[in-house]
Amino acid sequence: MKAKQPLWTKSFLSVWFSNFFVFLVFYLMFVTLPIYTIDVLEVDEGQSGLIITVFLLAAILIRPLAGQWIDTIGRKPIVIISLSLFLISAIFYLFVNSFVLILIVRFLQGMGFGMATTVLGALAADVVPDQRKGEGMGYFAMSMNFAMVLGPFLGLTIIHSFSFFSMFMICALFGAVAFTSGLMIRIPANFTEKLNPTQSFLPRMNGLLEKSIVPIALTGAVMALAYSGVLSFVSVYAKEQGLEAAASYFFVVYAVVLLISRPFTGKWFDHYGENIVVIPSIILFGIGMLVLSFANSAPLLLTAGGLIGLGWGTIVPSFQTIALKKVPNRAGSATATFFTIFDIGIGIGSYVVGAIATGIGFSSLYFNSSFIIFAAVFIYVALHGRKKSPRTYLETKYSN
């Protein structure tokens, strides 16, 4: 039996913190920039939505190219380029004072974000030991989960207690920390040897996406459509229900449940296979959405937060790990393909669910979304689950 390899190495911590601060800036600006454009730049609500759309569009467009560059010119150059672009664009906010310029900066920052999150995801896969891949990628995903909890709270606190200029200064500081952490990452030598510098700098149209990743990414995108309604509108829904105070703790409960469950779910993924973890997680996510649709009290709202955190918070790193295991020698392209399709689901969902909720209300929206999630169990089994290798942990253990 092989000795257990360490997970929390200096390189893994560097990747984790770099990813955390990138997402911290993302979520901090996600909630504050629309307010800034409406209150300071005096644009209407419809125009302010472009702040999110332009950012996600840039990230989606750059991801397939970033995946190609990661696997051809190397991880470290893309880390430096992407985090530099992300930092410079964060600094630019301090000097722009028009809506058009803000949109240009958002596009540039979206490019940096798309490249950075792609290469950092690939690097996380590189530095995590193979036999602890599910566990390690689960812990890596918590850098995004913690940022999702802290970012909105911090952003709203800063603009209410200080100013938008202070908010932009702090975002620039966080961008600098992400860049510094990125510089501290050490690329494993065996991955450097797998680069193919003779391959085209720009991928062919039929090579933009890793075809083997598409089924699991599409399954994730279907559920991302439903989750976007939680991410974008749970605070609005809670306010309608008279639960505004409890809403601020929704994602706190989400993160706490996720933190408690992570040591178990990641190990179960590695030991017993993806189906044992993924299928119950999808069901829990659906139950959480169903509870949310009936949430007329703080305990029900927070229970929904815990169930969604346990379900959805486990699904995303599990799906990313599945994608990486399919093409282990092309982690950059695998990560790019997965998150390109995943982001499209989030982007479309953010727009569509808002329009639907206007007509039927948030309670009905969440109720109907739960059945989409339950249906995702069958989509997962049809596209991936039934094709999973039957090799179990015990077989692996005794074959070694």
* Complete set of residues in the stretch 23-32 that are modelled with pLDDT of 80 or more and of a type in the set (V, I, T) -> V25, T32
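For (1) modelled with pLDDT of 90 or more; (2) aliphatic (A, V, I, L, M); (3) surrounded by fewer than 19 Cβ atoms within 10 Å (Cβ to Cβ), each residue gets a yes or a no:
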residue: P34; (1), (2), (3): no, no, yes
residue: E42; (1), (2), (3): no, no, yes
residue: I60; (1), (2), (3): no, yes, no
residue: I78; (1), (2), (3): yes, yes, no
residue: L87; (1), (2), (3): yes, yes, no
residue: F92; (1), (2), (3): yes, no, yes
residue: N97; (1), (2), (3): no, no, yes
residue: G110; (1), (2), (3): yes, no, no
residue: V119; (1), (2), (3): yes, yes, no
* To do: Tell me which residues, restricted to the stretch 127-157, are over 16 Å from V22 (Cα atoms), of a type in the set (A, V, I, L, M) and surrounded by fewer than 20 Cβ atoms within 10 Å (Cβ to Cβ).
  => L156
* List the number of the failed condition for V236; all other conditions in (1) at pLDDT 85 or above; (2) not hydroxyl-bearing (S, T, Y); (3) not in a loop (DSSP other than H, G, I, E, B) hold. => (1)
* **F201 vs. criteria at pLDDT below 80 and assigned to a helix (DSSP H, G or I)** => no
* Given (1) modelled with pLDDT of 85 or more; (2) touching a helix residue (DSSP H, G or I) at 6+ places or on another chain (Cβ under 8 Å); (3) over 30 Å from I187 (Cβ atoms), where does I348 come up short, assuming only one miss? -> (1)
* Candidate set from the stretch 287-317 (those that are closer than 22 Å to G242 by Cα and of a type in the set (S, T, Y)); member that is surrounded by the most Cβ atoms within 10 Å (Cβ to Cβ) -> S293
* Quick one: is N190 at pLDDT below 85, in a helix (DSSP H, G or I) and under 30 Å from P263 (Cα atoms)? -> yes
* Asked: Just checking, how many residues over the stretch 253-302 are without any contact (Cβ under 8 Å) to a residue 60 or more places away in the chain and among the β-branched types (V, I, T)?
  -> 6
* Asked: Can you find a residue in the stretch 252-270 that is under 20 Å from V353 (Cα atoms) and aromatic (F, W, Y)?
  -> no
* To do: Collect the residues in the stretch 270-294 that are among the aromatic types (F, W, Y) and either closer than 24 Å to N368 by Cα or outside the structural domain of M223 (by TED's automatic domain parsing) (or both), keeping them in residue-number order.
  => F285, F294
* Of the residues Q5, Q47, which single one is outside any helix (DSSP H, G or I), in the same structural domain as G182 (by TED's automatic domain parsing) and out of contact with any Leu (no Cβ under 6 Å at 6 or more places or on another chain)? -> Q5
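The values are calculated or read from the model by the stated rules, or taken from the named source; none is laboratory data. Small disclaimer: the values here were computed from a predicted structure and weren't measured. Neighbour counts run over all protein chains shown; Cβ positions are idealised from the backbone, glycine included.
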